[in-house]
Structures are given as structure tokens and as C-alpha cells.
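Only one structure is covered here, and it is reproduced in the block below.
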């Protein structure tokens, strides 16, 4: 008898997962690494990609954590635990910034890459469906590509775990009434 694994996390497991994504960017000085921080709400599959930077230092990471908390409070995503891997960019001040808002932080176990599989799969999807088709020319360009992909990911792309429905219902544009046109035949 085969056991089926659920595509949603167990009760009490972290609802939010986070990871870093590094993208090569072509600049006048050659290729440089741009970094973005990705957050994924596992139950709803909603994703947030932070603005890109060439220097993902401690201050930038803390600023992104604070901006992320504001976003989750504004959007009403139920969050209590944030899980991240043991990347050195996730500093103690990053954890403290999240914990100061009431979130609990869990670090993935050593040598267990599958514990953050949901966010890693989103990063793979972002790369394969969008970023692999472009040469990135800087921070603004990467931010634009990520914003356009996120709009597609949330509003148009079907999700198997959500019965092949988009994550967010598309807004219907108000269409203008058709204009009656008369064509004369001479």
C-alpha cells in the first residue's frame, strides 16, 4: 500500500519559507552577482521577491525582513513561523528582526536540503520560466523581470496543488461599450 504525501505542510510546521537567489548580471565591468531574498507562504503558494542588490549585507537583509513583515501584515497572510536554511546571509540580526514582530524563526537542519523544498522549487520555477530567457542588465532590470513573473505566477499560472487554478483571481477590466460603426457602400 503506497502512502501519498500531502503537498501542504503538517500542522505546526512553518508556513513561510525563505531563501536567497543569486543571478548573474551583465554590467560595464563584466558579470556580477545580484541577490534577491525570496519568501514563500506554503499554504497559499503566494511568493514575495525582495528588491535586488549587489551587496546583500546584514543591514540590507534586516531591511528586507522588516519590509516583509509589513507586507504580510498588510496582505493578511497568517504567519507564525518562518523557516530558512543556514546560509550565512541569514544573520542573527535577521532572525531578531523577525522575532521582534512576534514571528518564530526555525533554521533548517544541517545537510537537509529538502526542508526548504517549497521555496527552492519556486526559485527553480522563477529561473526556468523567466530568468533563463534573459540577460539581466542590472538591479532595475532584475526587479522588473521578477515583478512581471510574480504577476504571472499569482494571476495566470495554474497551480496543481490548487486544483489548477491561479492563486489570485484576475481582476476584470471594465470594457468600454462597443462603438457602432456604419460603413457606407458606394
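Every number here is computed from the coordinates shown, using simple stated rules; none is lab data. Every value quoted in this text rests on a predicted model; they were computed, and no experiment measured them. Here the Cβ is made from the backbone with ideal geometry for all residues, glycine too, and neighbour counts use every protein chain on show.
Below are the figures for this structure:
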| read-out | value |
| --- | --- |
| Inter-label distance, nm, simple model (7 Å from Cα along the C-beta direction), residue 33/residue 133 | 2.7 |
| Length added when fully stretched, residue 110-residue 124, from 0.36 nm per residue minus Cα-Cα | 2.9 nm |
| Gain on full stretching of the segment that runs from residue 81 to residue 101 - 0.36 nm per residue minus C-alpha separation | 6.1 nm |
| Segment 16-162: proportion of alpha-carbon pairs further apart than 17 angstrom, % | 61 |
